[in-house]
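The structure appears right after this line, and notes come after that.
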Amino acid sequence: MDRNRIKTHIRGFDEAIGGGFPEGYVVLVSGAPGTMKSSLAFSILYQNALREGKKGAYFTLEQSKDLLLEHMASMGMADAKAWENLVLLDMGNIRKNLNYLQGRGTWLELFKMYCNNVMKQDTLSCLVVDSLEVLETMAKMQDRRSELYFLFEWLRDLGPLTLLISEQPLDPPGSRQPEEAYLADGIVQLEMHAASDLYVQRRVRVVKLRATRHETGYYALTYDDGGFEVARAVSGPG
């Protein structure tokens, strides 16, 4: 069955992934610090809200809501029209009041409750969770593989496209692929590529995207004039 696709509105990128990410998928946005994972994921929410009136929610588990808003505004993402369709929830408040809230369930159950409440208010097209590592730490997962499996299944059942930010590259040298790489429906990897001694280029690659014929090569990623853009990277990854 064909799924509706959520456009990224990244110039040159949607064409490489069959028109966008399929609705209902869980897509990892993975990379090291400074690769603009949060900015890219937020931009997808923002552009869909602004251009298509699609509802989106951003759950920040570590960075404060005010800091995130300040950062996105500095990048030109502050149009009031978009904010009519966006929800930004600072889960850090839950962390601060964890002892009080734990009487009402585990941290993961509270996170799911907040997600469900937002979905009841408005049907979301896209959900961003920032980040998987913080969520995992707060949930105190004992059996990581099993608990991640059920978390991913729950996110799929929730309905919207979920962009799950991962703070670590998925393929550090000499390591095996982590569980989330197998469980995710798609993986977008961001990297910093030293093009010369003086110039470092941000790059993006779609490692996998189920049920989609997609490009697997590297693209140079730039941000200008309020939006992201990709162009085919000329040299290899390293």
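The values are calculated or read from the model by the stated rules, or taken from the named source; none is laboratory data. Note that the coordinates shown come from a computational prediction; the quantities given were computed from them, not determined experimentally. Positions of Cβ are generated from backbone atoms using ideal geometry, with glycine treated the same way; all protein chains shown enter the neighbour counts. Ligands, DNA and RNA are excluded from the accessible area calculation, which covers all protein heavy atoms including side chains. Shrake-Rupley method; radii C 1.70, N 1.55, O 1.52, S 1.80 Å.
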Taking first residues from the range 48-68 that are farther than 15 Å from Asp79 by Cβ and second residues anywhere that are part of a loop (DSSP other than H, G, I, E, B), the pairs with Cβ under 6 Å that are 6 or more apart or on different chains are Lys55/Asn85; Lys55/Asp122; Lys55/Leu124; Lys55/Ser125; Ala57/Leu124; Phe59/Met91; Leu61/Met91
Note on the range 213-238: residues open to solvent by less than 60 Å² (accessible area, probe 1.4 Å), touching a helix residue (DSSP H, G or I) at 6+ places or on another chain (Cβ under 6 Å) and in a loop (DSSP other than H, G, I, E, B) are His214
Taking the range 140-156 and keeping residues hydroxyl-bearing (Ser, Thr, Tyr) and open to solvent by 90 Å² or more (accessible area, probe 1.4 Å) leaves Tyr149
Has the range 7-18 got any residue that is at pLDDT 95 or above and more than 28 Å from Glu191 (Cα to Cα)? no
Residues of the range 115-131 being more than 18 Å from Ile44 (Cα to Cα) and either at pLDDT 95 or above or open to solvent by less than 20 Å² (accessible area, probe 1.4 Å) (or both), in sequence order, are Cys115, Val118
(1) of a type in the set (D, E, K, R); (2) over 25 Å from Thr212 (Cα atoms); (3) in contact with a Pro (Cβ under 6 Å, 6 or more places away or on another chain) all hold for Arg3 apart from (2)
When every residue in the range 37-76 that is assigned to a loop (DSSP other than H, G, I, E, B) and either of a type in the set (Val, Ile, Thr) or modelled with pLDDT under 95 (or both) is compared, the one most open to solvent (accessible area, probe 1.4 Å) is Glu62
Within the range 166-207, residues open to solvent by less than 10 Å² (accessible area, probe 1.4 Å), aliphatic (A, V, I, L, M), closer than 16 Å to Ala32 by Cβ and assigned to a strand (DSSP E or B) come out as Ile187, Val188, Leu190, Val204
